Amino acid sequence: MIKFRNIKGTHDLLPEQVAIWRQVENIIHLIMEQNGFGEIRTPIFENTDLFIRGIGTDTDIVSKEMYSWTDQGNNLLTLRPELTAPVARAYIQHQLSNKNPMHRLYYLDTLFRRERPQKGRQRQFHQFGAEAIGSPNPEQDAEIIAIAYNTFEKFKIKDMTVNLNSIGSPQIRTKYLKLLRSSLDKVQSKLCGTCQNRIEKNALRLFDCKNSNCQTLLDQNAPLIFDEISDSDYLHFDIVTRILNEVGIPFSHNKKLVRGLDYYSHTTFEITSKSLGAQDALCGGGRYNSLIEQLGGKPTPAVGFAAGLERLILALEKNQFSEKSPDIYFIHLGQDATIIASRIANDIRIKHEKVVIFEVLRRSLKAQMREAGRSQAKTVLILGDDELKKNKIIIKNMQSGEQKEIEISKLDQYFNNTSN
Ligand code: AMP
C-alpha cells in the first residue's frame, strides 16, 4: 500500500498547534485594527504576469521559486509567492484611490515559494503584513515599522534587531548602479557565479550574497547606495529615524540592507531575531512608490511590511498561551441513559454555549472518569440508567471534588446560576 505523506516543504498543523496559531492570529488582527488597518483577502492564484511585473524577472522568487502552470484555457497562472503585488492589483482594480486618498490594508494569508525547505523556511507558509497606500511621508514609514516591531514585542520575542536603511528614490538608482558596476570591474571574475550574474541583472542584490569572499570584495570595492541618495531622500530617512527614536524603537542603520525586489525605494527595513537560528528574518519591508504605477495604476506612494507567521511562532515562548479545557465531560452508562444524555448534551451546547465532550466509546465508568480527569473538564455530568429512573443526574465539580444529584429538569437553572 502507498503511504501518502504531505508534500516536502508543507506542514500539517494538528489541533494543539492550531490552538496556538489561532491565539496568535487573534492578537495580530487586534493590533492591525488598533492601527486602523482593514483586512484584505485576495485569491490564492493570479496571472503569472502580475508577479513578473511586480517583483521583477531577476529576483529569486520570479526566476526560480514560483509554482506556475498553464490551465485548460491557456492562462499562465501562479500560486502567489507574496502579497504586495496582489494587494496593489486589487487596489487598482477596485479604484480604491477614488474612495479615499489613504488606504490601510493588512493581510494574514498563505503563500507558496519553491525554496529549499529547512527550519523556518517552507514551500507553503503564511505571512501577515500591512500596506499603507497613499502617503509619501516618512511618518507613515515609521508607523509601519512600529506596527511590525510592536507586534513582535507583544509576543515577547527576544534578541530583536531592527535594521534600517534608505536606498533613495528610483532616480538615483541608474547613476548608482553604473558606479557600482564600474567599481567592481576589476574584481568581477573573483565573485561567485550568482553575483557575476547579478551584476548585470540585479546588481543591488549583490549585497544579499551570503558568500564571505563576495562580501569582503564588496566591502573593499563597492560604493554604498545610502552614500549616493539625494538631500530630500536623506531628509526623509532622517525623519523616520527621529520618529523611531521618539517612539522608543531601537534600530541600527545598516547601509547594506537593500532588499532586492525591484519595487522598493527610500526606506528599507528588516527585523531579525537571534532566537530563530539561520533563517533569522522575522519580517521585511519598505517603501514602494513605483509599484502601483508599474502595475497600471496612477502613481501612488506606498509603504509596507511582510512577516512570516511560522517564524514568529518559532520564536515565541509557547507558555504564554493557555490551553483551553472543556467545560463539561459527559459520562453516561446504559442505552436509555445514552439517548437522553445525547439530548441533554446538545441542549447544553446550544442554550448555555458550553464546551461539552460527550463519551462515545462506551467505556466503563472508571475509564470514563479517568478520561474526564485527563481532559481537565471543569464539570463532569454522570447519567446512568439508575439516575435516569429517578429523573436525576449527577454533577461533579472537578475543582472541589464536590458531587451532587439534581433533577434533570433543573439542569437549565443550574447552568444559568453557575459560572462552571
Ligand atoms: P519576503 O517576502 O521574502 O520579504 O519575506 C518576508 C518574511 O516572510 C521573512 O522575513 C520571513 O519571516 C518570511 N518568509 C519568507 N520566506 C519564507 C519561507 N520560505 N518560509 C517561511 N517564512 C518565510
The pairs in LYS366/LYS396; LYS8/LYS156; LYS154/LYS318; LYS119/LYS190; LYS390/LYS410 lying past 21 Å Cα-Cα in this model are LYS8/LYS156; LYS119/LYS190
Among all the aspartates and glutamates, which ones have a C-alpha under 13 Å from LYS404's C-alpha, if same-chain residues fewer than 8 places away are not counted?
GLU387
When the convex hull of the C-alpha atoms of the range 238-396 is computed, what volume per residue in Å³ does it have?
244 Å³
What does the charge count around PHE226 come to, taking other residues whose C-beta lies under 10 Å from its C-beta (Lys +1, Arg +1, Asp -1, Glu -1)?
-1
Using the Cα centre of the chain as the reference point, and only Cβ charges (+1 on K/R, -1 on D/E), how large is the resulting charge dipole? Debye, rounded to the nearest 20.
1140 debye
Does anyone have the angle between helix 84-93 and the longest principal axis of the chain? Alpha-carbon axes, 0 to 90°, nearest 10?
90 degrees
Given a Förster distance of 60 Å, the FRET efficiency implied by the Cβ-Cβ spacing of ASN397 and ALA281, rounded to the nearest 0.05, works out to 0.75
How many percent of Cα pairs in the chain exceed 32 Å?
51 percent
Full-extension gain in nm, GLU353 to VAL247, via 0.36 nm per residue minus C-alpha separation:
33.9 nm
Cα pair count fraction exceeding 18 Å, expressed as % - the range 120-248:
66 percent
How much length is gained on full extension from GLU228 to ASN74, taking 0.36 nm per residue of separation minus their Cα-Cα distance?
50.9 nm
Treat each spin label as a single point 7 Å out from the Cα along the C-beta direction, and report the GLN196 to ARG363 distance in nm.
6.7 nm
Using alpha-carbon coordinates, inclination of helix 15-34 to the longest axis of the chain, degrees
60 degrees
State the Cα centre-to-centre distance between the range 163-210 and the range 1-54 in whole Å.
33 Å
Post the alpha-carbon centroid distance, the range 132-148 to the range 245-266, in whole angstrom.
12 Å
Rg over Rh [alpha-carbon atoms, Kirkwood Rh] for the range 110-180:
1.06
Can you tell which of THR268, THR10, TYR91 lies farthest toward the positive end of the dipole of the chain, using +1 and -1 charges on the Cβ of basic and acidic side chains (Lys, Arg; Asp, Glu)?
THR10
Report the equivalent ellipsoid semi-axes for the range 1-75 in whole Å, largest first, defined as the square roots of five times the eigenvalues of the gyration tensor built from alpha carbon atoms.
29, 25, 13
Set of aspartates and glutamates near LYS324 by C-alpha distance (under 20 Å), chain-local residues within fewer than 8 positions excluded
GLU16, GLU25, GLU353, GLU359, GLU371
I'd like to compare 25-31, 102-108, 276-282: which one has the highest average count of other Cβ atoms within 10 Å, and what's the full order after that?
102-108, 276-282, 25-31
So which lysines can LYS186 reach, going by Cα to Cα under 30 Å and dropping same-chain residues fewer than 8 places off?
LYS64, LYS175, LYS178, LYS201, LYS210, LYS255, LYS256
What ranking, highest mean first, results for peptides 126-138, 192-204 when packing means the other Cβ atoms within 10 Å averaged over each residue?
126-138, 192-204
Going by alpha carbons, how many degrees (0 to 90, nearest 10) lie between the helix axis of 212-221 and the longest principal axis of the chain?
40 degrees
What helix-only [θ] at 222 nm does the chain give? Using -39500 (n - 2.57) per DSSP H run of at least 4, over all residues, to the nearest 500, the answer is -11500 deg cm²/dmol
Just grab the label-to-label distance for LYS404 and ASN211, each label 7 Å out from Cα along the Cβ direction, in nm (one decimal).
7.8 nm
Return, for the Cα atoms of the range 172-234, the radius of gyration and Dmax in Å, separated by a comma.
11.6, 36
For the charge dipole of the range 295-417, defined by +1 on Lys and Arg C-beta atoms and -1 on Asp and Glu C-beta atoms about the Cα centroid, which residue among TYR414, ASN391, SER375 has the Cα displaced farthest towards the positive pole?
SER375
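A short reminder: the numbers here are calculations on the coordinates, not readings from a lab. Small disclaimer: the values here were computed from a predicted structure and weren't measured. Virtual Cβ from ideal backbone geometry, glycine too; neighbours counted across all protein chains shown.
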